[in-house]
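Coordinate-derived values only; no laboratory data. None of these values were measured; they are calculated from a predicted model. When we count neighbours, we look across all protein chains shown, and the Cβ atoms used for this are built from the backbone with ideal geometry, even at glycine.
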Amino acid sequence: MSVFPHPIVPLLKADRLRKKISTIQLTTTDKKKLSFTSSFSVAHTIDGNISLDELISRTDQQLYCAKKQGRNCVCSDQSGCQAGPE
């Protein structure tokens, strides 16, 4: 878990990492090309009464959202899923 001063910061960092991972390509010994995708989720609150377990639960729900979107997304409990073909 990380703490950031503004909710957009982790979204931007996660999307930058998602894009970087999508550029990775490997070739196997039998000449098959492998590429990678990733999905991230972000939960944010300014309510000091929300427990860590609740934030983790929100984040987990966003990962399920990413799976439904077809993966390779950044999902947030504040802004939904942002997918991007690379």
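Of note:
- Members of the range 18-44 that are farther than 20 Å from Leu55 by Cβ, surrounded by 11 or more Cβ atoms within 10 Å (Cβ to Cβ) and of a type outside the set (D, E, K, R): Ile21, Ser22, Ile24, Ser35, Phe36, Thr37, Ser38
- Looking at the range 13-57, the strands (runs of 3 or more DSSP E) lying wholly inside it that each contain 2 or more residues that are among the hydrophobic types (A, V, I, L, M, F, W, C) sit at 40-42.
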